[in-house]
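Here is the structure we will look at, set down as structure tokens.
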Amino acid sequence: MNYRILGKTGLTVSEVGFGAWGIGKSGWIGASDDESVKALHRSIDLGLNFIDTALGYGDGHSERLVGRLSKERSETIYVATKIPPKNGQWPAQSGVSVAETFPAEHVIACTEESLKNFGLETIDVQQFHVWSDEWVNHGDWLDAIQKLKQQGKLKYFGVSINDFQPENAIKLIETGVVDDTVQVIYNIFEQSPEDQLLPACERHQVGVIVRVAYSAVSTVIPGMRSVRNVERNCQVGDGRGLPREQVEKLKAHRWVRNFYE
């Protein structure tokens, strides 16, 4: 397994992480807890040390399985999770106040609930599950994040950017309000993060959590829920990536679309 630095956090993370939505048993079918736990353990055996989950994945079920893993392993495992918007809107809608999505009391309550699910005292990376740059310098959410950091309940903070809106975090990055991590869709078809987002992250040393490797990317998080998934995905975490010639050919497959519109 190859490892990369997660931006300014300084965390050394496996370039293949474990996307834990599927093991939450909500939104996806076919997962069993026994197989999910085996998959988590197998991923650690193969050198993976970064797991991305969310409070909304099975109402905390995914977090509880990850917490169980953390207790059963002695290796360093970095855990990232996400706070759902209070109004339940995915993706974040333009014109909606941050007071409706991430008020301070909601941010704190969700973090406390996640800590309980994990059985941990500290979350390595806490994230908002949706984001709008309209919220920069508005609301009391940042006060809550700073308070949680001061209390030692989270180490680093980032946002998960709306699907197909990679430019909708540029203001957040450029202002330096949040300079830890961003999470974004980036793959063969969705190449638009290359235009503005990834260069901004490189300039400001913001860690990038994504699906397909790029020079600005710290770790990719394919969804996994079986040992077979884990073994196949971890095979590509060797640090070599695709040949430059093949990457250039794949650029022709860029597909600009947004199914939310």
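Residues that are out of contact with any Leu (no Cβ under 8 Å at 6 or more places or on another chain) number at least 3 in the following strands (runs of 3 or more DSSP E) confined to the stretch 111-213: 154-160. Taking the criterion of being in contact (Cβ under 8 Å) with a residue 60 or more places away in the chain and out of contact with any strand residue (DSSP E or B) (no Cβ under 7 Å at 6 or more places or on another chain), the only residue of the stretch 111-142 that qualifies is Asn117. Answer yes or no as to whether Val206 is under 25 Å from Gly22 (Cβ atoms) and either at pLDDT 80 or above or buried (at least 21 other Cβ atoms within 10 Å of the Cβ) (or both). It is false that Val206 is under 25 Å from Gly22 (Cβ atoms) and either at pLDDT 80 or above or buried (at least 21 other Cβ atoms within 10 Å of the Cβ) (or both). Within this structure, Val227 passes the test of being touching an Asp or Glu at 6+ places or on another chain (Cβ under 9 Å) and within 26 Å of Gly58 (Cβ to Cβ).
A single member of Ser62, Ser74 is crowded, with 23+ Cβ neighbours inside 10 Å and either farther than 21 Å from Trp28 by Cα or at pLDDT 95 or above (or both), and it is Ser62.
Answer yes or no as to whether Leu48 is over 17 Å from Gln126 (Cβ atoms), hydrophobic (A, V, I, L, M, F, W, C), at pLDDT 95 or above and in a loop (DSSP other than H, G, I, E, B).
Taking the combined requirement at face value, the residue satisfies it.
Checking the stated criteria, Pro91 turns out to be modelled with pLDDT under 95 and crowded, with 19+ Cβ neighbours inside 10 Å. Where the second residue is assigned to a loop (DSSP other than H, G, I, E, B) and at pLDDT below 95 and the first is over 9 Å from Ser218 (Cβ atoms) and aliphatic (A, V, I, L, M) and lies in the stretch 1-13, which pairs have Cβ atoms under 6 Å and are six or more apart or on separate chains? Sorted first by the residue in the stretch 1-13, then by its partner, the pairs are Met1/Gly237.
Being touching a helix residue (DSSP H, G or I) at 6+ places or on another chain (Cβ under 6 Å), in contact (Cβ under 8 Å) with a residue 24 or more places away in the chain, under 23 Å from Val208 (Cα atoms) and surrounded by 16 or more Cβ atoms within 10 Å (Cβ to Cβ) narrows it down to one of Ile145, Ile161, Ile108, Ile173, so name that one. Outline the logic, then answer.
Numbers: Ile145 fails: touching a helix residue (DSSP H, G or I) at 6+ places or on another chain (Cβ under 6 Å); Ile161 fails: touching a helix residue (DSSP H, G or I) at 6+ places or on another chain (Cβ under 6 Å); Ile108 fails: under 23 Å from Val208 (Cα atoms).
On inspection, the qualifying residue turns out to be Ile173.
Of all residues in the stretch 1-48, those that are closer than 19 Å to Lys82 by Cβ, out of contact with any Phe, Trp or Tyr (no Cβ under 9 Å at 6 or more places or on another chain) and among the polar types (S, T, N, Q) total 1. Screening Thr53 against (1) more than 19 Å from Val227 (Cα to Cα); (2) hydroxyl-bearing (Ser, Thr, Tyr); (3) under 18 Å from the mean Cα position of the chain (by Cα) leaves a single unmet condition, (1). Say we look at the stretch 56-90 and pick out the residues that are basic (Lys, Arg) and in a loop (DSSP other than H, G, I, E, B); which of these is farthest from the chain's Cα centre (by Cα)? Top of the filtered list is Arg73.
Restricting attention to the stretch 157-166, does a residue exist that is modelled with pLDDT under 95 and over 22 Å from Gly88 (Cβ atoms)? Yes: the stretch 157-166 contains one or more residues that are modelled with pLDDT under 95 and over 22 Å from Gly88 (Cβ atoms).
The values are calculated or read from the model by the stated rules, or taken from the named source; none is laboratory data. Because the structure is a prediction, the values reported are computed rather than measured. For neighbour counting, all protein chains shown are included, and Cβ atoms are generated from backbone atoms with ideal geometry for every residue, glycine included.
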